[in-house]
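Peer 1: Below is a structure I'd like to ask you about.
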Ligand code: CMC
């Protein structure tokens with residue numbers, strides 16, 4: 001007999017089904033709770049709430065497991081290309097050779113963005129944060145492709161939107177950066193693969209050719225794979241909830257980019273480097289900053305440490321730490337800011353405060369280090385995360401639509417004043 005959960009309220013016992021996932025994860029299905037009891041659940045930050053069933057990503061925070069469609073992240077990061085992983089996430093299976101070639105060719109053919117987009121780019125001030133520009137331009141794409149505005153239109157139209165998004169986000173990201181510097185943009189080139197093309201658009205200058213360094217493109221490929229999905233995190237939940245109103249995919253992804261921007265989520269990789277630079281500027285007194293992070297009266301937190309679901313270790317951080325070591329040694333980087341990162345990592349891993357709370361370096365700690373080492377400007381770090389997370393957002397949005405998810409609309413417990421009568425302003 002399948003398990004049930006019993007809840008006793010006002011002297012009456014109610015039964016709710018227990019749902020079991022393929023990895024034996026268990027949940028109490030309370031979808032009928034309000035209808036039968038009048039109660040709702042209260043779970044700030046959704047720390048214990050499963051908002052959906054999903055067949056995309058399996059994550060076990062206690063044991064440090066992350067799998068996309070069943071495939072361990074370690075195997076994918078070592079052996080696959082980013083677009084292969086994107087295909088897996090979005091369509092559910094690894095592509096055959098022909099399927100992958102077709103997918104790559106389609107993406108390559110759509111990397112150009114409409115020339116009118118440049119008018120939009122020109123309107124942003126110099127130094128505009130590329131996350132703000134990327135979120136704006138991604139939602140603008142829906143106006144260039146009005147047929148995309150009905151997400152239920154047909155499979156082919158949706159597929160074209162998916163291809164366009166994957167193809168154009170790197171171009172938009174690189175152009176946002178070039179425009180913010182008031183440098184000429186570099187157009188996409190079909191001879192490059194996805195990662196090389198992005199690097200070329202970022203780093204080529206009119207004055208000299210850019211040679212893609214294979215160490216750099218390999219590191220970036222790994223980083224994008226590690227970021228590609230992470231089940232129901234803040235930005236992904238945002239994409240799903242926006243999409244649940246049947247807003248189009250461009251609008252939903254733009255909302256995801258905005259959610260990712262915050263320093264507690266994807267913005268942490270930028271915040272890590274800014275923190276390290278602040279420590280250096282302050283004389284490099286690491287103990288002082290560790291003490292600040294532990295002081296409950298000080299709002300400072302060690303950026304790049306801790307995670308909502310990984311409380312023992314982040315499997316992505318293990319892979320990326322190795323990639324960071326490889327990149328730093330093969331590029332022969334000597335950077336005092338990165339030296340501070342190494343020292344913080346060493347001290348915090350032994351410090352009782354961090355150990356007791358399960359606070360370990362997360363993926364953003366090391367990704368910040370790699371981005372800096374390969375020359376990505378700090379304000380672009382979170383955009384890099386967005387390029388990586390895009391296939392996950394798309395896959396989750398598509399699954400939400402295919403599962404005919406109801407519109408997202410949580411409840412609340414009201415704690416404001418009881419009814420009171422309006423008082424004219426003269427009498428207040
Ligand atoms: N530095 C110092 N103390 C911390 C930190 C930190 N980075 N993170 C958590 N704590 C403490 C916190 O003060 C609390 O202590 P106490 O139990 O004494 O009150 C305890 O650890 C638990 O923290 P929490 O805020 O309840 O944990 P959470 O699961 O709500 O927050 C987090 C997770 C990632 C928001 C948080 O660890 C944090 O702010 N980290 C720094 C920002 C960061 O690196 N974010 C990137 C996350 S990984 C990328 C992604 O997937 O988005």
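Peer 1: Identify the residue in region 305-324 that is closer than 11 Å to residue 360 by Cβ, part of a loop (DSSP other than H, G, I, E, B) and near the ligand (Cβ under 9 Å from one of its atoms) and, among all such residues, is modelled with the lowest pLDDT.
Peer 2: Of everything passing the filter in region 305-324, 311 is modelled with the lowest pLDDT.
Peer 1: Right, next: Here is a check on your reading of the model: is residue 41 surrounded by 18 or more Cβ atoms within 10 Å (Cβ to Cβ) and either at pLDDT 95 or above or assigned to a strand (DSSP E or B) (or both)?
Peer 2: It is false that residue 41 is surrounded by 18 or more Cβ atoms within 10 Å (Cβ to Cβ) and either at pLDDT 95 or above or assigned to a strand (DSSP E or B) (or both).
Peer 1: Check whether at least one residue in region 242-262 is within 16 Å of the ligand (Cβ to nearest atom), touching a strand residue (DSSP E or B) at 6+ places or on another chain (Cβ under 6 Å) and part of a loop (DSSP other than H, G, I, E, B), and report yes or no.
Peer 2: Taking every residue of region 242-262 in turn, none turns out to be within 16 Å of the ligand (Cβ to nearest atom), touching a strand residue (DSSP E or B) at 6+ places or on another chain (Cβ under 6 Å) and part of a loop (DSSP other than H, G, I, E, B).
Peer 1: Picking from 159, 233, 190, 152, which residue would you name as being over 22 Å from residue 374 (Cβ atoms) and free of Cβ contacts under 8 Å to residues at least 12 places away in the same chain?
Peer 2: 159
Peer 1: Considering only region 286-304, I want to know if a residue exists there that is within 8 Å of the ligand (Cβ to nearest atom), under 15 Å from the mean Cα position of the chain (by Cα) and crowded, with 21+ Cβ neighbours inside 10 Å.
Peer 2: Within region 286-304, one or more residues are within 8 Å of the ligand (Cβ to nearest atom), under 15 Å from the mean Cα position of the chain (by Cα) and crowded, with 21+ Cβ neighbours inside 10 Å.
Peer 1: Could you grab the pairs with beta carbons closer than 7 Å, sequence gap of 6+ or different chains, first residue in region 45-56 and within 27 Å of residue 92 (Cα to Cα), second one away from the ligand (no atom under 16 Å from the Cβ) and assigned to a loop (DSSP other than H, G, I, E, B)?
Peer 2: Here the result reads 52/405; 56/69, each pair linking region 45-56 to a residue that is away from the ligand (no atom under 16 Å from the Cβ) and assigned to a loop (DSSP other than H, G, I, E, B).
Peer 1: Further, regarding this structure: For region 359-372, which positions are more than 8 Å from the ligand (Cβ to nearest atom) and in a loop (DSSP other than H, G, I, E, B)?
Peer 2: Residue satisfying the conditions is 360 alone.
Peer 1: For residue 155, are the conditions met, namely being under 27 Å from residue 267 (Cα atoms) and surrounded by fewer than 16 Cβ atoms within 10 Å (Cβ to Cβ)?
Peer 2: Criteria not met by residue 155.
Peer 1: Hey, another quick one. Just to be sure, is residue 395 at pLDDT 95 or above, in contact with a helix residue (DSSP H, G or I) (Cβ under 8 Å, 6 or more places away or on another chain) and surrounded by 18 or more Cβ atoms within 10 Å (Cβ to Cβ)?
Peer 2: When the stated conditions are applied, residue 395 passes them.
Peer 1: Could you please let me know if residue 344 is surrounded by 18 or more Cβ atoms within 10 Å (Cβ to Cβ), within 16 Å of the ligand (Cβ to nearest atom) and either outside any helix (DSSP H, G or I) or touching a residue at least 40 places away in the same chain (Cβ under 8 Å) (or both)?
Peer 2: Yes.
Condition check ((1) modelled with pLDDT of 95 or more; (2) over 12 Å from the mean Cα position of the chain (by Cα); (3) in a loop (DSSP other than H, G, I, E, B); (4) more than 16 Å from the ligand (Cβ to nearest atom)) across all residues:
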{"residue": "182", "(1), (2), (3), (4)": "no, yes, yes, yes"}
{"residue": "190", "(1), (2), (3), (4)": "no, yes, yes, yes"}
{"residue": "212", "(1), (2), (3), (4)": "no, yes, yes, yes"}
{"residue": "217", "(1), (2), (3), (4)": "no, yes, no, yes"}
{"residue": "264", "(1), (2), (3), (4)": "no, no, yes, no"}
{"residue": "271", "(1), (2), (3), (4)": "no, yes, no, no"}
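Peer 1: Applying the selection to region 24-44, what residues are farther than 30 Å from residue 91 by Cβ and out of contact with any strand residue (DSSP E or B) (no Cβ under 9 Å at 6 or more places or on another chain)?
Peer 2: Within region 24-44, 34, 35, 40, 41, 42, 43, 44 qualify.
Peer 1: Can residue 356 be described as under 20 Å from residue 309 (Cα atoms), over 24 Å from the mean Cα position of the chain (by Cα) and within 16 Å of the ligand (Cβ to nearest atom)?
Peer 2: So residue 356 fits the description; yes.
Peer 1: Is region 404-424 home to any residue that is free of Cβ contacts under 8 Å to residues at least 12 places away in the same chain and within 29 Å of residue 201 (Cα to Cα)?
Peer 2: No, the conditions are met nowhere in region 404-424.
The values are calculated or read from the model by the stated rules, or taken from the named source; none is laboratory data. On a predicted model such as this, the values are computed, not experimentally measured, just so you know. Note: ideal-geometry Cβ built from the backbone for every residue, glycine included; neighbour counts use all protein chains shown.
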